[in-house]
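Please read the structure below before turning to the comments.
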Number of protein chains: 2
Amino acid sequence: MTQMVRVHNFMVSSDGFGAGEGQSLETPFGHADPGVLFRWAFSTASWPNRTEPGGSRGLEDYLVRDFHRNIGAEIMGRNKFSPLRGPWADEEWKGWWGDEPPFHTPVFVMTHHERPSYSLSDTTFHFVDGSPSSVLEMALKAADGKDVRLGGGADTIRQFLDAGLVDTLHVAVGPDELGAGSRLWDSPDDLLDRYHRDVVPGSYGVVHHLFWRD
Amino acid sequence: MTQMVRVHNFMVSSDGFGAGEGQSLETPFGHADPGVLFRWAFSTASWPNRTEPGGSRGLEDYLVRDFHRNIGAEIMGRNKFSPLRGPWADEEWKGWWGDEPPFHTPVFVMTHHERPSYSLSDTTFHFVDGSPSSVLEMALKAADGKDVRLGGGADTIRQFLDAGLVDTLHVAVGPDELGAGSRLWDSPDDLLDRYHRDVVPGSYGVVHHLFWRD
């Protein structure tokens, strides 16, 4: 079984932005509201942070469940990991996710400013400076035969797409415009020269785009 | 996590039949052609019997993959297991699936004619005579915390639906009529008094119906 590089449950606005402008500690998605971007996922039975019983077990539950299936490592951009820019003032910042990050695998954070690896529960964060292909090589090795999830943000996914390194993508396109921010694409059709695609309507006006290549 | 009873990748004709008439050794689906009924599944990358690389990794691949996820046992009707009717003349018949059945769990075959259990590879077949609820009790115990897949045929699924024992169903409705055979329903709308539903178009004119209840 060949190892794959997969993008899952990545939300963009109708105009192609994965996050807005002005990211801060209080606003990880800048001026975009994650409660709106992700409400289709929050409404499913399998959403990991669900605290009450219930939730949809229809199509969108399949999409949410697939996030963890056969994943052995994640790659993310620095801006997914932290609102801080430039050299690390200290190593206090451990990510947005508290003591139990939802990854449960090695995570490779792409940054020009390296720092020591550390573990929180069953997730280990590594900080790596390199090209998409060199970081991918590390992640594939760490994944030990399983697939690698490319976690975003949009700039990071763009880099891997430009390098031809992504096998499948699930991108959920929301109904609202953001106007500015971190852009994945001008249009979901941009990838059709290289990928097959299924388009499936979801809840709250979201449309799910599922891409794969031969 | 509550154990669930799940129906997966169950094909019916546009008029609601899961198999045609005249089942025999050569025609497990009677006058229905399984090559047509299941071609949407055969075309996916995850179809277990795929021998060549390639195949779709879109929506229908999610559906095919889910067949094995967190399943600890299967329940099937006798007519899914065998074309033979009445008492077993001998115990030569071991199912349609050769030495490596695709179940990989205990399988409970519902029949009024019991016979000894046996194993083929990592699948063990048990032959049980009882009501849906009593057979389900055995299967839930054997599944050891995982879910139970209700494998069909249509008559068996009907019995479990009538007893209120099914939690989720994925039924793929094909474009063609069969006219006669083993019937699941008059219309996919029959279940809407008890289930939520997502309806998703698939390939080859198939429409996927995903049902769940609260």
Can you flag which of A:K94/B:K146; A:K146/B:K94; A:K80/B:K146; A:K94/A:K141 are past 27 Å Cα-Cα?
-> A:K94/B:K146; A:K146/B:K94; A:K80/B:K146
For chains A and B related by rotation, which residue of A has the Cβ nearest the axis, and what is the rounded distance in Å?
-> A:Y62, 2
Rounded to the nearest 5, the percent of DSSP beta bridges in the protein assembly as shown running antiparallel is 45
Residue among A:V109, A:V166, A:V200 with the largest mean-square fluctuation in a Gaussian network model of chain A, springs linking Cα atoms under 10 Å | A:V200
Where the label is 7 Å out from Cα toward Cβ, how close does B:N70 come to the same position in every other copy, in nm, shortest first?
-> 1.9
Who wins for biggest fluctuation among B:P175, B:P53, B:P87 in a Gaussian network model of chain B, springs between alpha carbons below 10 Å?
-> B:P53
Could you work out the longest stretch of chain A that avoids the GluC sites (Glu not before Pro) located in DSSP loops with at most 16 other Cβ atoms within 10 Å?
-> A:27-90
Note, A:P87: beta-carbon cut-off 15 Å, +1 each Lys/Arg, -1 each Asp/Glu, net -2
Over chain B, what number does the Rg to Rh ratio reach, with both radii from the alpha-carbon atoms and Rh per Kirkwood?
-> 0.93
All other residues with a Cβ under 10 Å from the Cβ of A:H196 taken together, and with Lys, Arg as +1 and Asp, Glu as -1, what is their net charge?
-> +2
For segment B:33-86, what class follows from the C-alpha gyration tensor (a ≥ b ≥ c being the square roots of its eigenvalues): rounded when a/c is under 1.5, otherwise prolate if a/b is larger than b/c, else oblate?
-> oblate
Rounded to the nearest 5, the percent of antiparallel DSSP beta bridges in segment A:49-184 equals 20
The rounded separation in angstrom of the Cα centers of segment B:161-193 and segment B:22-56 is 20
Dipole check, segment B:36-85, charges on Cβ (K,R +1; D,E -1), about Cα centroid: among B:I75, B:L63, B:T44 the Cα furthest to the positive pole belongs to B:I75
Teacher prompt: B:P28 distances to equivalent labels in other copies, 7 Å Cα→Cβ, nm | 4.6
Sorted shortest first, the nm distances from the B:S203 label point (7 Å along Cα→Cβ) to its counterparts in the other copies are 2.9
Report the local net charge at A:L120: Lys and Arg +1, Asp and Glu -1, summed over other residues whose C-beta lies under 10 Å from its C-beta.
-> -2
For segment A:112-144 and segment B:4-19, what is the separation of their C-alpha centers, rounded to whole Å?
-> 44
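Since every read-out is calculated from the coordinates, none of them should be taken as a lab result. None of the values given here were measured: they were computed from a predicted structure. Heads up, the Cβs are rebuilt from the backbone with ideal geometry, glycines too, and the neighbour counts pull from every protein chain shown.
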